[in-house]
Amino acid sequence: MSKRQIDVITTDESPICPRCGKEALLLARMPHGWVNASGELVDGRSDVVLCADCDADAPHAAPLITWFHVHGRVERDNSEEFVNLLVVWTEGMSVPPLDERRLETEVELWRSGNL
Ligand SMILES: [Zn+2]
C-alpha cells in the first residue's frame, strides 16, 4: 500500500487565498505525482489553500468548509472527522493519481513556528 502524507499547517494567522486575497480556512501541503507511471516515487510538494468563497461550489470541498463553520479550527479532539473530510477534499483535487490503487493517506497536523 502506498502512502502519501498531507501536512496541515495551522497557525494563529489565517493563510491568504491566492485566488481572491481573502483569508482562507486552511493551508495544506500535499504531495503531487507521488508515484509516476513507471512506479517511481516523484518527490514534489505543493501548498493548497481551502477558501470558503472560492471553493464553495466544489463538491469535494463543501463538507470541509461546513466543518470549519461548525468547529472553527482543528484541535486534537475533533481531528478525526476533520481528517476524513480532508481526505475527501484532497482526493477531489486534480492531483494526478497515476497509481490507480487507492492510497492510504497520512495526515500530519502541525503548527508552524511553534514547534
Ligand atoms: Zn478565495
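The values are calculated or read from the model by the stated rules, or taken from the named source; none is laboratory data. Since the structure is predicted, the reported quantities are computational estimates derived from the model, not experimental observations. We place every Cβ from the backbone using ideal geometry, glycine too, and count neighbours over all the protein chains shown.
Here are the numbers:
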{"read-out": "Residue within the stretch 75-86 that is within 16 Å of the ligand (Cβ to nearest atom) and at pLDDT 75 or above present", "value": "no"}
{"read-out": "Restricting the stretch 21-38 to residues that are at pLDDT 80 or above and surrounded by 13 or more Cβ atoms within 10 Å (Cβ to Cβ), the residue that is farthest from residue 67 (Cα to Cα)", "value": "29"}
{"read-out": "Answer from 43, 7 - the residue that is modelled with pLDDT of 80 or more and more than 16 Å from the ligand (Cβ to nearest atom)", "value": "7"}
